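Remarks on the structure that follows.
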Amino acid sequence: MAKKRRSFWKRFDYILLLSVILLAVYGLIMISSATANSTYGSFPYLKQQGLALGLGLIAIIVLSLIDYEWWGKLYLVIYFVCNGLLLAVLLFGFGEERWGARSWLSIGGFTFQPSEIVKIGIIISVAKYIDNNKENLNELPTLIKVLAFAAVPIGLIAKQPDAGTAAVYVFFIAVMLFIAGLDWKYILYSVLAGVMSAPILWFTLEGYQKNRILNFIDPTRDVLGSGYQLDQSITAIGSGKIFGRGLYEGVQTQLGFLPEVQTDLIFAVIGEELGLLGGLILITLYAIMLLRLVRIARNTEDLFGSLIIIGVSSMMTFHIFENIGMTMGLLPLTGIPLPFMSYGGTFLLVNMVSIGMALSVGIRKEGLNF
């Protein structure tokens, strides 16, 4: 037993955990600055984010001790619970008036966004479903079955409508299928279908979604209206130059020109107050985290464990690239938050749980049983 415990802690990826803790602490510092001049100050934000961080660290340790194969045995239960939560959002959710999408639930005074919580559950469920059908994955009937299984939660999220979050799901599921050995011809067919359906999809978008795309194409088209957020974000990042204006010294940030600054536009705060240097430090920490995740995935013996890591790392990658890209005007503006940095207890906790799952896989990647 003592030997097994030594093996356990020897296989624990301390570098991955350290990178995540540094990212979360970095996030607390930037949230503190972003909310310093808010109505109630930064304390309420830091209190909730700090609580989520503490719970997340506990979750990481607990999940590391649990064999991830147990989650595979419960994948159908997890799948139906996840879809049940998403269905409840459509029936009882709210948020359309403020955020343009019915994406939130409130249970017993606790308000949360189920599409965020559901991410890790869907990663587990789809990973196990692909693993169960890996031998015949490139046979059309099997592939259709797998795609239908994955399409249900995506469809429920798209109905909210939350195109940004739905795109996250599409991306990590597509990467999981690719890693599982999906034939290139199906990937090519999917790309062609996406290009050909783009004109049709345009007419299904809400007005605010169309404006985001048009503002991305021409950032100057409506800087006092629908393009205000993007214009202020680009201005903030550009004004930071190499070393930034200084923490708590950002003009756009501290004078309230940046809306939703502690959530979607937190990278604009980094760019304005800490400059290029602050952005590079953040990207370096992300690179370390993602490289450690890829390392675990490559060393994992079974497909199920590997696909969990691929799903987690793909989810993180999409969030990172989309959030940083949209704040700089390089991608269309969406409501995609930045992992470990954006304010939101649910989002932070889900990211920490994802890392806990990854560590569980990494510890057992060579088949060690506990």
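Within the range 45-73, being among the aliphatic types (A, V, I, L, M) and farther than 17 Å from S354 by Cβ holds for L46, L51.
Of all residues in the range 232-244, those that are of a type in the set (F, W, Y) have Cβ atoms under 7 Å from Cβ atoms of residues that are buried (at least 16 other Cβ atoms within 10 Å of the Cβ), 6 or more apart or on another chain, in F243/G275.
Within the group L214, L277, which residue is at pLDDT 90 or above, in a helix (DSSP H, G or I), of a type outside the set (S, T, N, Q) and surrounded by fewer than 19 Cβ atoms within 10 Å (Cβ to Cβ)? Selected residue: L277, the only one of L214, L277 that is at pLDDT 90 or above, in a helix (DSSP H, G or I), of a type outside the set (S, T, N, Q) and surrounded by fewer than 19 Cβ atoms within 10 Å (Cβ to Cβ).
Quick check on the range 160-170. Is at least one of its residues among the aromatic types (F, W, Y), modelled with pLDDT of 90 or more, assigned to a helix (DSSP H, G or I) and within 25 Å of L137 (Cα to Cα)? Yes, the range 160-170 contains at least one residue that is among the aromatic types (F, W, Y), modelled with pLDDT of 90 or more, assigned to a helix (DSSP H, G or I) and within 25 Å of L137 (Cα to Cα). As a summary of the residue check, S64 satisfies the conditions (1) closer than 23 Å to A236 by Cβ; (2) part of a helix (DSSP H, G or I); (3) hydroxyl-bearing (S, T, Y) except for the one numbered (1). Just to be sure before I move on: is T263 touching a Gly at 6+ places or on another chain (Cβ under 7 Å), within 24 Å of G50 (Cα to Cα) and touching a residue at least 40 places away in the same chain (Cβ under 8 Å) in the structure I sent? Yes, satisfied.
Residues that are part of a loop (DSSP other than H, G, I, E, B), within 30 Å of I179 (Cα to Cα) and either free of Cβ contacts under 8 Å to residues at least 60 places away in the same chain or of a type outside the set (V, I, T) (or both) do not occur anywhere in the range 306-319. Figure legend. Inter-residue proximity from the range 1-26: first residues on the phi < 0 side of the Ramachandran plot and at pLDDT 95 or above, second residues outside any helix (DSSP H, G or I) and surrounded by 14 or more Cβ atoms within 10 Å (Cβ to Cβ), beta-carbon distance below 7 Å, spacing 6+ or different chains. Indicated pairs: V20/F340; L23/F340; L23/M341; A24/F340; Y26/M341.
I'd like to check something: does the range 287-301 contain any residue that is surrounded by 13 or more Cβ atoms within 10 Å (Cβ to Cβ), at negative phi, among the basic types (K, R) and part of a helix (DSSP H, G or I)? Among the residues of the range 287-301, at least one is surrounded by 13 or more Cβ atoms within 10 Å (Cβ to Cβ), at negative phi, among the basic types (K, R) and part of a helix (DSSP H, G or I), which makes the answer yes.
The values are calculated or read from the model by the stated rules, or taken from the named source; none is laboratory data. Computed from a predicted model, the values in this text were never measured in an experiment. All Cβ positions, even for glycine, are placed from backbone atoms using ideal geometry, and neighbour counts span all protein chains on display.
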